Amino acid sequence: MVEAVVWGERVRVNDPISVITVTRGRLVLLHRAMASVQAQDYGGEIEHLIIVDDDEATVRGLTPRSSVPGRSHSVYDVRRPASDGGVGAVYPRLARLLNVGIHRAASPWIAFLDDDNEFESDHLSSLRRFVDTTGCDAVHSARQMLWPDGSPYLEQRFPGPGSDSEQARIYRLLCDRGVCEPGSHVVRDRVDAGATEYRNSTVIQASDPVMLVDQNLWLIRRELLLRTPIPEEFSDQNVADNTCPDDLMVEALVRAGVEISTNGRPSVRYYLGGISNQVHRD
């Protein structure tokens, strides 16, 4: 970490951060996500890596545009092998593309942003300050749960596969654990100690510790992710349980003994409607 002197004061020059977004066929939403990266109040350089999943129309829509100082984006078009498809193939491919982004990143810190979500302007700066406070190499925020139109999600069901009654059961369990709160659209993801089984929020049971960190919430050292990459192999049980790459990433980090901490700030705008968070209005 280098320092500079400005108006007689010694100030720290922040490390660069790479934000990784995997996208396919959602150009309008992607532009919204990109704008939220451009608008970060973080004092250091931010590199936004756009990993395009075999979609020429999106690549054409991302021609170089003027950028604010200290902000850049790069586009990588990853072609899909003919054999890369079928039931259960989405999450393994997403994990592979996220790892492509991690390897291509030029910064010592990695964040992730889905193409349909947004960062609040202080997301990266608040997490980077939290790193300095805690000394942790893997930190994360909380999130605001929103309907696609931007209104707060206040249903007492946790979005995901399964029946309404099962979503309600999981919601009540997460309320008991302090992750959710009736009347609030904030979800306070966290990782509890003492896990012996690694069940995600879709199938969590009353005796399980909370193991919930959405991919969009992280700020994590790139070196750590190179040593402990996002797992790309998904078992039949993983598929049946709707286990996502972020679930396997949390499990891999916990098994590796990585300290994980949260600042609790809901600095991610998380919109429903994706593969893993289907829910309907009553």
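With unit charges on the beta carbons (Lys and Arg positive, Asp and Glu negative) and the dipole taken about the Cα centre of the range 114-241, which residue among Tyr198, Thr133, Leu174 sits farthest to the positive side?
Selected residue: Thr133.
Specify the longest stretch of the chain that does not include any exposed loop site, a site being one of the GluC sites (Glu not before Pro) with a non-H, G, I, E, B DSSP assignment and at most 15 other Cβ atoms within 10 Å.
For GluC sites (Glu not before Pro) (loop position, at most 15 other Cβ atoms within 10 Å), the longest site-free span of the chain is 1-196.
Of Arg221, Arg265, Arg80, which has the largest mean-square fluctuation in a 10 Å C-alpha GNM of the chain?
Arg80
Per residue of the range 99-106, in order, report the coupling 6.51 cos²θ - 1.76 cosθ + 1.60 (Karplus, θ = phi - 60°) as ³J(HN,Hα) in whole Hz, putting x for Gly and Pro.
Karplus-based 3J(HN,Hα) across the range 99-106 equals 5, 4, x, 4, 5, 7, 4, 9 Hz.
Counting only heavy atoms of the protein chains, get the accessible area per residue of the chain (1.4 Å probe) and round it to a whole Å² value.
Per residue, the chain has an accessible area of 47 Å².
Would you mind working out the magnitude of the charge dipole of the chain relative to its Cα centre, with +1 at each Lys and Arg C-beta and -1 at each Asp and Glu C-beta, to the nearest 20 Debye?
It works out to roughly 440 debye.
Can you give the % of DSSP beta bridges in the chain that are antiparallel, to the nearest 5?
In the chain, DSSP labels about 40 percent of beta bridges as antiparallel.
Pop out the ³J(HN,Hα) list for the range 23-30 in order, Karplus 6.51 cos²θ - 1.76 cosθ + 1.60 with θ = phi - 60°, rounded to Hz; leave Gly and Pro as x.
9, 6, x, 9, 5, 4, 5, 4
Could you check which residue among Leu154, Leu113, Leu49 shows the biggest mean-square fluctuation in a GNM of the chain with a 10 Å Cα cutoff?
Taking springs between Cα atoms under 10 Å, the residue moving most is Leu154.
Out of every Cα pair in the chain, what percent are spaced more than 37 Å from each other?
Cα-Cα pairs of the chain separated by over 37 Å account for 11 percent.
Top mean-square fluctuation among Ala35, Ala95, Ala138, Gaussian network model of the chain, C-alpha springs under 10 Å?
Evaluated over the chain, the most mobile residue of the options is Ala35.
Which percent of the accessible area of the chain is formed by carbon and sulfur heavy atoms (probe 1.4 angstrom)? Walk me through the numbers before you get to the answer.
Working: 6560 of 13130 Å².
Within the chain, the accessible surface is 50 percent carbon and sulfur.
The values are calculated or read from the model by the stated rules, or taken from the named source; none is laboratory data. All figures in this text were calculated on a predicted structure; none of them were measured in a lab. Don't worry about glycine lacking a Cβ; one is built from the backbone with ideal geometry, like all the others, and counts go over all protein chains shown. Heavy atoms of the whole protein, side chains included, go into the accessibility calculation; ligands, DNA and RNA do not. Shrake-Rupley method; radii C 1.70, N 1.55, O 1.52, S 1.80 Å.
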